[in-house]
Amino acid sequence: MKKLTFPYIEKEHHIFGKITRPLVRLAFFSERFGKWLEVGQVLAETGADISVIPLPLCQILVSNVENGMPMLVGGILSSDMSVNAYVHRITARIGTDPFEMPVAISLSSVIPPIWGRREALDRFTVSFVHGRELVLEIKELSLK
């Protein structure tokens with residue numbers, strides 16, 4: 001079993017002041033350009049049913065955003081806010097291990113990249129250690 005550890009990253013919050021967040025480095029394969037794109041601050045969020053990526057990033061990954069399955073994504077920045085999105089299957093990589101996962105491409109650019117559970121975080125044993133680090137245990141990843 002392989003372990004990956006990510007230290008929490010300190011951020012400024014407009015209400016709470018300094019907070020720490022479990023941000024991970026993921027890579028996504030761009031079908032448009034045929035190469036990997038690394039994204040350094042993706043929020044690992046066990047409360048998210050699906051992973052979400054903002055439109056500007058996804059325009060690099062897929063040729064036609066609207067070819068995906070339409071859905072509304074809500075509760076990300078506020079319980080009152082929902083945005084239109086299109087679900088695509090994206091090849092992602094954490095460390096050296098690639099896998100496919102569904103991603104909701106938000107039509108908003110204010111939505112941060114979020115790594116959710118469905119076919120993503122659920123592939124791992126995930127430990128949030130005292131607000132300091134995120135530990136992922138990987139048995140075996142597959143592209144399907």
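What follows draws every value from the coordinates through simple rules; no lab data is involved. Computed from a predicted structure; not experimentally measured. Here Cβ is always computed from backbone atoms with ideal geometry, including for glycine, and neighbour counts include all displayed protein chains.
Among W115, G68, M1, which residue has its Cα positioned farthest towards the positive end of the charge dipole of the chain, with +1 placed on the Cβ of Lys and Arg, -1 on the Cβ of Asp and Glu, and the dipole taken about the Cα centre?
M1
To the nearest 0.05, what FRET efficiency results for D97 and E66 with a Förster distance of 35 Å applied to their C-beta separation? Can you show the working numbers first?
Working: r = 30 Å, r/R0 = 0.86.
The calculated FRET efficiency here is 0.70.
Count the lysine pairs in the chain whose Cα atoms sit under 22 Å apart, keeping only pairs 8 or more residues apart in sequence or on different chains. Walk me through the numbers on the way to the answer.
Working: K2/K139; K2/K144; K3/K139; K3/K144; K35/K144.
The number of close lysine pairs in the chain is 5.
If you filter the range 38-141 for trypsin sites (Lys or Arg not before Pro), then keep DSSP loop positions with at most 11 other Cβ within 10 Å, what is left?
Numbers: sites: R89, R93, R117, R118, R123, R132, K139; in loops: R117, R118, R132, K139.
Taking the range 38-141 and a limit of 11 other Cβ atoms within 10 Å, the loop trypsin sites (Lys or Arg not before Pro) found are R132, K139.
Taking the Cα centre as origin and putting +1 on Lys and Arg beta-carbons and -1 on Asp and Glu beta-carbons, what dipole magnitude results for the chain, to the nearest 20 debye?
Details: 16 positive and 15 negative charges, 68 e Å.
Taking the Cα centre of the chain as origin, the dipole is about 320 debye.
Long-range amide H contacts for Y8: which residues qualify at under 5 Å (H placed 1.01 Å from N, peptide plane, sequence gap of 5 or more or a different chain)?
Result for Y8 returns E133, L134.
Hey, got a sec? Which chymotrypsin sites (Phe, Trp or Tyr not before Pro) in the range 24-112 land in a DSSP loop and have at most 13 other Cβ atoms within 10 Å?
Details: sites: F28, F29, F33, W36, Y86, F99; in loops: F33.
Here the sparse-neighbourhood loop sites are F33.
At 4 °C and a viscosity of 1.567 mPa s, what translational diffusion coefficient does Stokes-Einstein give for the range 2-138, taking Rh as the Kirkwood radius over Cα pairs? Give it in µm²/s as a whole number. Let's see the in-between values first.
Working: Rh = 15.4 Å.
Estimated diffusion coefficient is 84 µm²/s.
I need the GluC sites (Glu not before Pro) found in the range 3-79, filtered to DSSP loop residues with at most 15 other beta carbons within 10 Å of theirs. Present the calculation step by step, with values, prior to reporting the outcome.
Details: sites: E10, E12, E31, E38, E45, E66; in loops: E31, E45.
Answer by residue number: E31.
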